[in-house]
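Worksheet for the structure shown next.
Laboratory data are not the source of any read-out in this text; all were calculated from the coordinates shown. For clarity, every value in this text was computed on a predicted model and none was experimentally measured.
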Amino acid sequence: MNWTQERLAEKALVALTALKRLESERGLGVHEGTIDQVRRALEAAGILFIESGQGRGVMFLNETSDIQTRQDRGLGRVESS
């Protein structure tokens with residue numbers, strides 16, 4: 001989605017420091033509420049979290065995020081069909 005940490009924190013309504021703790025490879029603790037807010041922000045942007053016997057993953061449900069990212073970058077008008 002090409003979001004910065006700052007943008008994700010803004011969309012999720014969480015502090016940037018909390019998001020950095022969540023993304024840390026050192027396993028720093030974060031509140032469950034922070035994790036839930038980040039998950040909700042990503043789902044609202046069209047991300048589906050998947051878990052099966054074969055593992056975990058994500059799927060983009062639509063291209064809206066990509067279209068918005070292109071427009072944000074000024075890459076011209078994007079038509080959706």
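Quick notes on this structure:
- Difference of contour (0.36 nm per residue) and Cα-Cα distance, E6 to R40: 10.6 nm
- Database remark: amide H of I47 closer than 5 angstrom to the amide H of L61 (H placed geometrically; neighbours at sequence offset of 5 or more, or on other chains; Pro and chain starts carry no H).
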